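Worksheet: one structure, shown below.
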Amino acid sequence: MDPIETNSIRVNGEHRRVPKGITVAELALDLGLEPTRVAVERNLEIVPRSTLAEVTIEDGDDFEIVTFVGGG
């Protein structure tokens, strides 16, 4: 059985290994977050929410992910 190839990234300051080829939306889901309710910064640039399912994570990426909380 071949080992799964992974990328090393940082999410909110913490190191993490993720499978190669996953998207930012898949990363959000893996973190237990709903992609439509997060703001994502990748390598100091905002990732438009409409592209989260298209942007593939690269080795060394640095993410800040913030969730929206409703209230009232």
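The values are calculated or read from the model by the stated rules, or taken from the named source; none is laboratory data. No experiment lies behind these values; they were computed from the predicted model shown. Neighbour counts run over all protein chains shown; Cβ positions are idealised from the backbone, glycine included. For the accessible areas, the whole protein counts, side chains as well, though only heavy atoms, and no ligand, DNA or RNA atoms are used. Shrake-Rupley method; radii C 1.70, N 1.55, O 1.52, S 1.80 Å.
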Filter result for the condition that a residue is β-branched (Val, Ile, Thr), at pLDDT below 95 and open to solvent by 30 Å² or more (accessible area, probe 1.4 Å), over 36, 56: 36
In region 4-33, the residues that are of a type outside the set (Ser, Thr, Tyr), open to solvent by less than 100 Å² (accessible area, probe 1.4 Å) and in a strand (DSSP E or B): 7, 9, 10, 11, 16, 18, 19
Qualifying residue in region 40-51 (condition: among the hydroxyl-bearing types (Ser, Thr, Tyr), in a helix (DSSP H, G or I) and more than 20 Å from residue 13 (Cβ to Cβ)): yes
Yes/no for residue 64 being charged (D, E, K, R), surrounded by 13 or more Cβ atoms within 10 Å (Cβ to Cβ), part of a strand (DSSP E or B) and within 9 Å of the chain's Cα centre (by Cα): yes
